[in-house]
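All remarks here apply to the structure that follows.
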Amino acid sequence: DSNELVPALNYLNEKKSEPNSEMTGVAEGKNVIALSLESTQTFVVDNKLNGKELTPYFNDLKEEGAYFSNFYHQVKQGRTSDSEFMLDNSMYGLNRGAAFFTHSGNEYEATPEVLGEHGYTSTNMHANDKTFWNRNVMYDSLGYDEFYSKEDYDVTEEKSYGWGYLDEYFFMDSLDKMENLEQPFYNKMITLTNHHPFTLPEDKKYIEEGETSSGTLNRFFQTIRYQDEALKQFVEEFKKSDLYDDTILVIYGDHFGISENHQEAMGQYLDKDINEYEQFQLQRVPLLMIGEGIEPQKNDTVGGQIDLRPTIMNLLGVEDDNPVQFGHDLFSEDRRQMMITRDGDFANEEYVGVKGMCYDRETGEEIEEEACKPGFETAEEELAISDSIIYGDLLRYLDETEMIEEEKDDTSEQE
Ligand code: GP9
């Protein structure tokens with residue numbers, strides 16, 4: 001019943017931090033493009049292979065916006081869909097399976113719904129089968145107005161490879177579609193080409209393969225480079241459109257591309273031993289926000305995908321009245337710097353706690369486990385609360401619970 005949500009509300013209320021008020025509403029009324037880059041990890045940024053940059057365009061682009069260097073993915077088995085789940089709900093995905101499949105029938109009060117109350121149209125653009133990750137069903141539950149999937153793109157054999165429609169064509173078609181969207185819009189775009197097993201047509205390989213012991217990693221360099229080229233075409237074209245000045249771009253990596261099975265090869269490329277700490281740090285994904293009112297900066301706050309929703313809402317100046325959110329505005333000065341992974345590991349300002357071990361976050365030096373105990377405890381508690389909401393479908397009690405709590409407050413004030 002409605003009481004079941006009370007512990008979660010109390011917990012979240014206790015952890016609450018104020019968003020950065022200077023950033024509140026800097027992008028009021030603007031369109032939002034949340035651009036999810038497939039399998040894109042932070043280690044590729046400003047990095048090279050045989051003297052050639054892996055992401056030359058992104059490296060320059062990040063100077064135009066707020067670039068977050070300690071931003072982590074927090075996904076588990078639901079991969080891309082988990083990152084979408086966090087973006088739109090600011091709740092954790094599940095430890096097993098994908099909430100997109102197992103809990104698509106839940107009640108949500110997601111970004112599209114809240115923005116809808118402020119006149120926004122919400123859309124998804126992703127040129128894959130609409131049923132993949134059960135998106136067609138889940139997007140309805142999340143309140144999206146429209147989902148442009150494979151069937152809405154000009155997918156031909158010549159323009160496809162591997163997983164399907166090549167990013168460059170996806171971007172160009174999407175731009176056309178966007179020009180026709182009702183504004184303001186919130187549009188999530190999801191790339192596809194840089195996906196395991198990372199294969200490309202010969203004429204799209206702009207750099208040589210890598211020479212590590214992992215074919216996967218060797219090819220990944222090329223698909224990452226390809227994605228960067230497609231991104232360039234898209235952003236440069238977008239800049240010429242009338243939409244550009246009225247839009248903020250939120251570009252982020254959805255999850256890792258190179259799993260821990262390729263540690264040895266990663267070690268060869270990065271020229272260091274990949275221990276637990278390094279493996280953890282490899283879970284950072286790029287986050288870049290560009291738009292009027294967002295000062296170019298390199299921001300090193302520790303955060304993750306769970307923090308995207310409150311950050312975006314604050315930029316838009318939208319009062320988000322759903323209190324069930326685990327994230328904290330990334331621009332906030334007094335935010336809790338804490339990123340919790342679905343495995344119960346964490347990073348905060350000082351430490352990285354992984355698999356029961358504790359490291360100094362900045363130096364990677366191993367320190368006594370005791371120092372990470374509070375972090376592990378918070379991680380466990382927070383994940384359990386998030387799970388309780390999803391497993392119990394507790395958001396259906398949100399309005400009722402809030403009303404009861406308000407009544408209680410009123411009575412205690414009168415007493
Ligand atoms: C599929 C794409 C990739 O549509 O989003 O999903 P992933 O395998 O990365 O979760």
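Listed values, structure above:
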| quantity | calculated |
| --- | --- |
| ASN3 modelled with pLDDT under 95 and open to solvent by 10 Å² or more (accessible area, probe 1.4 Å) | yes |
| Residues being in contact with an Asp or Glu (Cβ under 7 Å, 6 or more places away or on another chain), open to solvent by less than 20 Å² (accessible area, probe 1.4 Å) and not aliphatic (A, V, I, L, M) - total across the range 136-165 | 2 |
| Check on ASN59, more than 16 Å from the ligand (Cβ to nearest atom) and surrounded by fewer than 21 Cβ atoms within 10 Å (Cβ to Cβ) | yes |
| Residue selected from the range 109-135 under the condition open to solvent by 10 Å² or more (accessible area, probe 1.4 Å) and under 28 Å from ASP343 (Cα atoms), by the criterion nearest to the ligand (Cβ to nearest atom) | PHE132 |
| Residues (assigned to a strand (DSSP E or B) and more than 15 Å from the ligand (Cβ to nearest atom)) located in the range 178-205 | PHE185, TYR186, ASN187 |
| Set LEU9, LEU87, LEU94: member being in a loop (DSSP other than H, G, I, E, B) and either closer than 22 Å to PHE346 by Cα or open to solvent by 10 Å² or more (accessible area, probe 1.4 Å) (or both) | LEU94 |
| Single residue of the range 70-84 satisfying the filter (touching a Lys or Arg at 6+ places or on another chain (Cβ under 7 Å) and open to solvent by 20 Å² or more (accessible area, probe 1.4 Å)) that is farthest from the ligand (Cβ to nearest atom) | LYS76 |
| Enumeration of residues in the range 97-108 that are more than 14 Å from the ligand (Cβ to nearest atom) and either open to solvent by less than 10 Å² (accessible area, probe 1.4 Å) or more than 19 Å from ASP343 (Cβ to Cβ) (or both) | HIS103, SER104, GLY105, ASN106, GLU107, TYR108 |
| Residue check for THR55: touching a Lys or Arg at 6+ places or on another chain (Cβ under 8 Å), farther than 21 Å from THR301 by Cβ and at pLDDT 95 or above | yes |
| Selection within the range 351-393 - more than 18 Å from GLN74 (Cα to Cα), among the charged types (D, E, K, R) and in contact with a strand residue (DSSP E or B) (Cβ under 7 Å, 6 or more places away or on another chain) | ASP360, GLU365, GLU366, GLU368, GLU369 |
| Residue in the range 150-164 that is at positive phi, assigned to a helix (DSSP H, G or I) and modelled with pLDDT of 95 or more present | no |
| Odd one out for THR42, checked against (1) β-branched (Val, Ile, Thr); (2) open to solvent by less than 20 Å² (accessible area, probe 1.4 Å); (3) more than 16 Å from the ligand (Cβ to nearest atom); (4) within 19 Å of ARG284 (Cα to Cα) | (2) |
| Enumeration of residues in the range 239-291 that are part of a loop (DSSP other than H, G, I, E, B) and surrounded by fewer than 17 Cβ atoms within 10 Å (Cβ to Cβ) | SER241, ASP242, SER259, ASP271, LYS272, ASP273, ASN275 |
| Residues located in the range 164-177, provided they are more than 20 Å from LYS239 (Cβ to Cβ) and either away from the ligand (no atom under 16 Å from the Cβ) or small (Gly, Ala, Ser) (or both) | GLY164 |
| Close pairs (7 angstrom Cβ cut-off, 6 or more residues apart or separate chains): assigned to a helix (DSSP H, G or I) in the range 49-74, among the basic types (Lys, Arg) and surrounded by fewer than 23 Cβ atoms within 10 Å (Cβ to Cβ) anywhere | TYR57/LYS232 |
| The range 136-149, residues that are in a loop (DSSP other than H, G, I, E, B) and within 14 Å of the ligand (Cβ to nearest atom) | SER149 |
| Looking only at the range 193-202, and only at residues there that are in contact (Cβ under 8 Å) with a residue 40 or more places away in the chain and open to solvent by 10 Å² or more (accessible area, probe 1.4 Å), the one that is nearest to GLU157 (Cα to Cα) | PRO201 |
| Residue in the range 353-360 that is open to solvent by 20 Å² or more (accessible area, probe 1.4 Å), under 21 Å from the mean Cα position of the chain (by Cα) and not aromatic (Phe, Trp, Tyr) present | no |
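The values are calculated or read from the model by the stated rules, or taken from the named source; none is laboratory data. No experiment lies behind these values; they were computed from the predicted model shown. Note that each Cβ is placed from the backbone with ideal geometry, even for glycine, and that neighbours are counted across all protein chains shown. For accessibility, only protein heavy atoms count, side chains too; no ligands or nucleic acids. Shrake-Rupley method; radii C 1.70, N 1.55, O 1.52, S 1.80 Å.
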